[in-house]
Each structure stands twice: as C-alpha cells, then as structure tokens.
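The next block holds one structure in the form of structure tokens; read it before the comments.
What follows draws every value from the coordinates through simple rules; no lab data is involved. Note that the coordinates shown come from a computational prediction; the quantities given were computed from them, not determined experimentally. As a convention, Cβ positions derive from the backbone with ideal geometry for all residues, glycine included, and neighbour counts pool all protein chains shown.
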Ligand SMILES: [Zn+2]
C-alpha cells in the first residue's frame, strides 16, 4: 500500500508524497517528472489558472514554479535531477542575490542549454511547512484576487524561502552552480561546468585539429 493510502483519513484527503499537503484523494492527471499526486497537481493547476486573472500573482509565478518544482522532486531520474537543480539555482538567485523571477527563467534556460547530466540530490525528509495550498488560499478565487499584489508576492517568497531552507544540505553545491549564471554582485561569472554536481565527468577525448 502506498504511503498516501496508509495515511488517508475519513475526510477523503491524502498527503502529497512530496510536499505533504493534505489534498483531495482524486484520480486525475499528474506530471511525468514532478512528483505530486493528482490532488496536489490539481491545486497547482488552480493557481496557474488564477494567475491569468491576477497580475500580482502572474508577476511572481516564475518563482512559484521554482518553489513547486523544487518541492516536488519526484523519484530519482535524469530529468527529475535536472529539474531540481535548475529550480533551486533560480530560487538561490532570486532570494539570495536579488535577481528577478523573470531573470530566474533565463538562468534555467542557460543551465539546460547543453542538456547536462545532473547529480541526483537526496531530497529533504521535511519539504517545508508552506505548500501550494497556502498560496491558493492567499491568491483568491475565480472571482478575482483577494490579496494585494504585495501580499501575494510576499506569500510566494515565503513559500520559496521555505523550500530553499528545506534543501539546506545542498546549499553550497547550488550556490556554486548559481555562480555560473547569476554570480553575486561584484563576483566574476564562473566558467561553466558541463555537469551539475560535485563529481566531475571525465572530459571527452578531443577530436579537433587540422585535417
Ligand atoms: Zn504536493
């Protein structure tokens, strides 16, 4: 029996395996690489839909994407590892280095350009106290936003900060990776590494030269 099944309760709620939020026990679509169950994925879809009607939420949605993706690491795999790395680098750049959520999107594209092999980061046992349900609650409903843009942005930043703190065991590695695309003010941009993670991959044998 799954962990979710063991912990289901009479109200029909089950915990998301990744963020641990109690969500409706429903059948529905999930994402191939994101680890959420159907109830949590539906809550995320609700938040995305609200962003269309709420400019304040839309402005911070790239950071919400980072928080959701990093919190929903899924199971070990190449694409899952890449996802966790790039979203944590983006959170680091935004929260610690003052970059904007839109810049974070560019950093992710830079990091993924060469489709790098990414070391799997052991996920935290505690995913942090803030989940997508807290943001859905803040952002209002289909009738329109109930919070100011500032309050919504602050809630999303709290969520991202909670996720970032949960991954503290890997902060040094993530910051080193962030140095390549989003160096701290005054620091030189690092030479790009072709592999995410502490274990260097042997360089391929050079085949260039005059022919
Ligand atoms: Zn979840």
Between the modelled labels at residue 171 and residue 13 (7 Å from Cα along Cα→Cβ) the distance in nm is 3.1 nm
By the Cα gyration tensor axes a ≥ b ≥ c (a/c under 1.5 gives rounded; else a/b larger than b/c gives prolate, otherwise oblate), the shape of segment 99-139 is oblate
Once residue 151 and residue 75 are pulled to full extension, the length gained, defined as 0.36 nm per residue separation minus their Cα-Cα distance, is 24.0 nm
In terms of the alpha carbon gyration tensor, root eigenvalues a ≥ b ≥ c, rounded if a/c is under 1.5 and otherwise prolate when a/b exceeds b/c or oblate, segment 7-183 is oblate
So residue 109 and residue 134, fully extended at 0.36 nm per residue minus their Cα-Cα distance, gain in nm 6.2 nm
With 0.36 nm assigned to each residue of separation and the Cα-Cα distance removed, residue 27 to residue 126 gains 33.1 nm
Between the modelled labels at residue 96 and residue 58 (7 Å from Cα along Cα→Cβ) the distance in nm is 3.2 nm
